[in-house]
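In what follows, a structure is listed as structure tokens, so that the remarks can point back to it.
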Amino acid sequence: MMRDAPGRKYWGLILITIGVAFAAAGLTFWFAWGFPETSAANQVVLGIVVHVLFGYIVVMSGITIYRSDLAYEEALIAAKWCLGGLLLMTGLVVWSEVPTLEDGPTLTFLYQLVVVGSVGAAAGVLIGLNRGQAVQNARLVTEHGDQQETLVFLLQLLRHDTQNDLTTISGYVDLLEDHVESETGKEHLARIERRTESMRDLFRTAGTILESETGRRSTEVVDLTRVLRDQIDHVGAIEGVTVETDLEADLEVAVDPLVDELFRNVFDNAIAHNPIEGLTISVSSRAEGDEAVVEVADDGEGIPADIREDVFDPDVRRPDSEGDGLGLYLVRKLVDSYGGTISVSETDPSGTRFTVRLPRV
């Protein structure tokens with residue numbers, strides 16, 4: 001949030017300053033106190049690292065906060081823990097050295113104050129940064145939930161109002177059919193009706209996707225063969241389409257009512273993107289181990305090779321398609337939610353085969 005940026009950067013700079021001060025003081029004491037008594041090179045390096053390390057941790061935590069998107073209060077949590085750790089550890093040093101402070105602080109006391117204080121500051125800032133990020137995560141979850149509720153409401157409102165408008169448009173198209181005699185006029189009316197139905201499909205698909213993402217969905221055990229037969233009866237009633245079946249009985253899977261939308265979109269893909277006259281759709285189902293396998297194949301024109309691998313991504317469609325590009329995306333989302341997989345391949349000599357695998361129960 002933009003209004004939190006100055007406060008977050010302020011606390012980030014404070015922590016950076018504290019860390020730099022501890023690192024500089026540690027190095028100063030080391031070179032004045034420890035270095036003259038150290039001869040081995042590895043001990044020199046170790047001494048430098050030890051006296052800089054905890055200040056470095058505070059500096060990097062400050063930089064992290066400065067560059068982050070933490071809110072002011074979330075950055076303040078890290079700063080409070082850092083200062084709390086610093087005060088606690090320096091307080092312990094003062095308490096332990098009280099008897100020796102009657103004549104004033106000694107270099108040994110100041111040295112311990114810096115080293116132990118830097119340890120407390122580093123430990124505190126790490127704990128505080130972790131807690132601040134936890135508070136941020138909780139805030140983001142709440143904000144996401146609010147945005148999600150708003151999105152659902154707006155889509156439902158848009159779908160409701162638009163569906164009413166589409167119904168009105170369809171009604172006027174029916175009325176105009178009796179008053180339009182030219183072939184061109186009738187073609188225009190038919191095009192309006194097709195686009196109206198396409199918009200209905202778009203809103204139905206969008207609503208199903210939203211429900212699959214946000215709805216409280218409960219699964220139940222259903223006979224997959226019954227689901228397939230319902231869709232087969234619908235497709236088989238289309239003039240010019242032949243449906244061949246090889247269905248195995250008693251294929252039970254745990255799904256929700258949206259499974260009908262899953263297979264409706266698979267069948268619709270074959271119908272919408274191939275010439276209807278003479279089209280043959282083959283549907284088979286079988287058990288393979290702990291999976292129920294469904295194959296829906298057609299002998300149509302097939303999916304172009306350049307989009308076949310991405311066909312389940314949103315907005316991927318054939319160049320001549322009038323669809324919304326969301327049908328197969330919805331199919332994949334639903335299959336994933338059931339713990340299954342879906343793949344697409346070619347049929348011989350032409351056409352497309354979709355293979356859906358769902359866990360059996």
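Structure data summary
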{"read-out": "Output for region 178-194, where each listed residue is of a type outside the set (Gly, Ala, Ser), loosely packed, with under 13 Cβ neighbours inside 10 Å and over 25 Å from Ala272 (Cα atoms)", "value": "Asp178, His179, Glu181"}
{"read-out": "Among the candidates Asp299, Asp313, residue that is modelled with pLDDT of 85 or more and closer than 26 Å to Met199 by Cα", "value": "Asp313"}
{"read-out": "Within region 243-254, tally of residues that are within 24 Å of Ser337 (Cβ to Cβ) and at pLDDT 90 or above", "value": "6"}
{"read-out": "Selection status of Asp201, under 23 Å from Val356 (Cβ atoms) and modelled with pLDDT of 85 or more", "value": "no"}
{"read-out": "Filter pass, Asp348 being closer than 30 Å to Val222 by Cα and assigned by TED's automatic domain parsing to the domain that holds Leu224", "value": "no"}
{"read-out": "Some residue of region 285-292 being basic (Lys, Arg) and within 28 Å of the chain's Cα centre (by Cα)", "value": "no"}
{"read-out": "Residue that is surrounded by 20 or more Cβ atoms within 10 Å (Cβ to Cβ), farther than 17 Å from Ser345 by Cβ and of a type outside the set (D, E, K, R), where the choices are Ala292, Ala297, Ala272", "value": "Ala292"}
{"read-out": "Residues satisfying the stated conditions in region 335-361, i.e. buried (at least 16 other Cβ atoms within 10 Å of the Cβ) and at pLDDT below 90", "value": "Ser337, Gly351"}
{"read-out": "Single condition Leu129 does not satisfy, out of (1) buried (at least 19 other Cβ atoms within 10 Å of the Cβ); (2) free of Cβ contacts under 8 Å to residues at least 12 places away in the same chain", "value": "(2)"}
{"read-out": "One residue from Gly300, Gly351, Gly340 being out of contact with any Asp or Glu (no Cβ under 9 Å at 6 or more places or on another chain) and of a type in the set (Gly, Ala, Ser)", "value": "Gly300"}
{"read-out": "Any hit, region 139-156, residues being surrounded by 15 or more Cβ atoms within 10 Å (Cβ to Cβ), under 27 Å from the mean Cα position of the chain (by Cα) and modelled with pLDDT of 70 or more", "value": "yes"}
{"read-out": "Restricting region 92-138 to residues that are under 51 Å from the mean Cα position of the chain (by Cα) and among the hydroxyl-bearing types (Ser, Thr, Tyr), the residue that is farthest from Leu76 (Cα to Cα)", "value": "Tyr111"}
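The values are calculated or read from the model by the stated rules, or taken from the named source; none is laboratory data. Only a predicted model underlies this, so the values are computations on that prediction, with no experimental measurement involved. Positions of Cβ are generated from backbone atoms using ideal geometry, with glycine treated the same way; all protein chains shown enter the neighbour counts.
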